[in-house]
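Encoded as C-alpha cells, the structure appears first; notes follow it.
The values are calculated or read from the model by the stated rules, or taken from the named source; none is laboratory data. All of these numbers come straight from a predicted model, not from anything done at the bench. Heads up, the Cβs are rebuilt from the backbone with ideal geometry, glycines too, and the neighbour counts pull from every protein chain shown.
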Amino acid sequence: MLRSLSAGELQQFSVELLPRLYSDWGHVTQSGTVETLKTRKGTPDAFCERSDESMVYIQSTGDTAKGKMYEDLKKSVKQLIELDLNEGALCISFLSYDPQADEVTACKKLCRTHQCEFKFYSNSIISDLLDSNHHDLRYKYLKIPAPVKGKYRSDNNFVLTASTGSEPKTATKMNNVVNWNLSPDELTGTLESIVEFYNRLKNLNEPSRQFFSTIIKLADPLRRNPSMMTVPYSEMTNVSGRENYEIRNQMAILEKHPKLKREYKLSR
C-alpha cells in the first residue's frame with residue numbers, strides 16, 4: 001500500500017510524519033511544488049532547521065532503481081557543502097520500499113565523509129511507525145482504520161514501542177483469544193509471567209524498547225534452544241537504520257537487564 005503512493009503523496013506524507021519523531025525541528029518547507037500525484041523537481045524535496053541551527057534535508061522516493069537513493073543523497077550533500085551547512089546536518093531518505101544493504105552503507109559512508117548524518121525510513125520502518133502510534137496518518141494515506149478499542153488485533157497485541165502503558169491485571173482475555181483453555185491456577189501463573197515481562201520492559205527507555213521490538217520481529221528461534229532468538233547483524237543494521245556504534249550501545253543497555261540478556265543475540 002505504501003508502494004502505491006504517488007510521488008506527491010509520498011512527499012506530503014513524509015513532511016507530516018517525520019516532524020512528529022523529532023522534537024527539535026522547526027517548520028518543514030517543501031522545495032518542489034507538490035501536486036496531487038507528482039512533484040516538481042527540487043533539491044532537497046523538503047528541509048528544515050533544528051533548534052541547534054543545523055539543517056535537515058529530506059528526499060522522498062518510491063523509485064527502486066539501483067543508485068536512485070544514493071544519487072538523491074549526493075545532490076543534497078553537494079548543496080549542503082556549497083552552502084557551508086554540511087557539518088552536523090541530517091540527511092533523510094524517505095522510501096516506500098526497503099533498500100539494499102550495500103546502498104544504505106554507501107549513503108552512510110558518504111555522509112560521514114562530509115561530517116553529516118544519514119538516516120533512512122524504509123517501507124518496514126514506516127509501517128511499524130504507522131501501526132504503533134500514527135493511526136491518523138495511516139488512515140489518511142492508506143485508508144487503514146485505527147484499531148477498535150477493546151478488540152484484539154493480531155498485528156498489534158503487545159506494543160513495545162508505546163510511550164505509556166499499564167500493568168496487566170488478568171490473563172483471561174489472552175486465554176480466550178489464543179484458546180489456551182487454562183485452568184484458574186494456570187491463569188495465575190501465566191499472569192505472573194506476563195507481569196514479570198512487563199516490568200522488565202518498562203524499565204527500558206523508549207528507543208531501547210523499539211530496538212528490542214525490532215529484534216523480536218526479525219528473530220528466528222534457534223533449533224537447539226527454542227527460547228533463544230537470533231538475528232543477523234547485517235539485517236538488524238539494514239532494517240533499524242542504526243549505525244554500528246548505535247547497535248552496540250543498545251545491546252549494552254539490554255545486557256544490563258539480566259532477565260533479558262540471555263534471551264537473544266545478534267550474529268555477524
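Would a scan of the range 70-81 turn up a residue that is farther than 21 Å from LEU129 by Cα and in contact (Cβ under 8 Å) with a residue 40 or more places away in the chain?
The answer is yes; a qualifying residue exists.
Given the residues GLU243, GLU263, which is the only one that is surrounded by 12 or more Cβ atoms within 10 Å (Cβ to Cβ), modelled with pLDDT under 75 and among the charged types (D, E, K, R)? None of the other options fit; the residue is GLU263.
Assigned by TED's automatic domain parsing to the domain that holds GLU53 and either within 21 Å of LEU129 (Cβ to Cβ) or within 20 Å of the chain's Cα centre (by Cα) (or both), is that true of GLN100? First the steps, then the outcome.
Details: assigned by TED's automatic domain parsing to the domain that holds GLU53: yes; either within 21 Å of LEU129 (Cβ to Cβ) or within 20 Å of the chain's Cα centre (by Cα) (or both): yes.
Here the answer is yes, as GLN100 does meet what is asked.
I need the full set of residues from the range 176-220 which are buried (at least 17 other Cβ atoms within 10 Å of the Cβ) and polar (S, T, N, Q), in order please. THR190, SER208, GLN210, SER213, THR214 - these are the residues of the range 176-220 that are buried (at least 17 other Cβ atoms within 10 Å of the Cβ) and polar (S, T, N, Q). As a summary of the residue check, ASN249 satisfies the conditions (1) surrounded by 17 or more Cβ atoms within 10 Å (Cβ to Cβ); (2) more than 23 Å from ASP98 (Cβ to Cβ); (3) at pLDDT 75 or above except for the one numbered (1).
Considering (1) within 16 Å of the chain's Cα centre (by Cα); (2) modelled with pLDDT under 75, the lone condition that ASN123 does not fulfil carries the number (2).
Across the range 71-123, which residue is nearest to PRO44 (Cα to Cα) among those that are polar (S, T, N, Q) and in contact with a helix residue (DSSP H, G or I) (Cβ under 6 Å, 6 or more places away or on another chain)?
If we take residues in the range 71-123 being polar (S, T, N, Q) and in contact with a helix residue (DSSP H, G or I) (Cβ under 6 Å, 6 or more places away or on another chain), then SER93 is nearest to PRO44 (Cα to Cα).
If I ask for residues that are touching a residue at least 12 places away in the same chain (Cβ under 8 Å), assigned to a helix (DSSP H, G or I) and of a type outside the set (Asp, Glu), which ones from the range 117-139 would you list? Selection gives ASN123, SER124, ILE125, ILE126, SER127, LEU129, LEU130, SER132, HIS135, LEU137.
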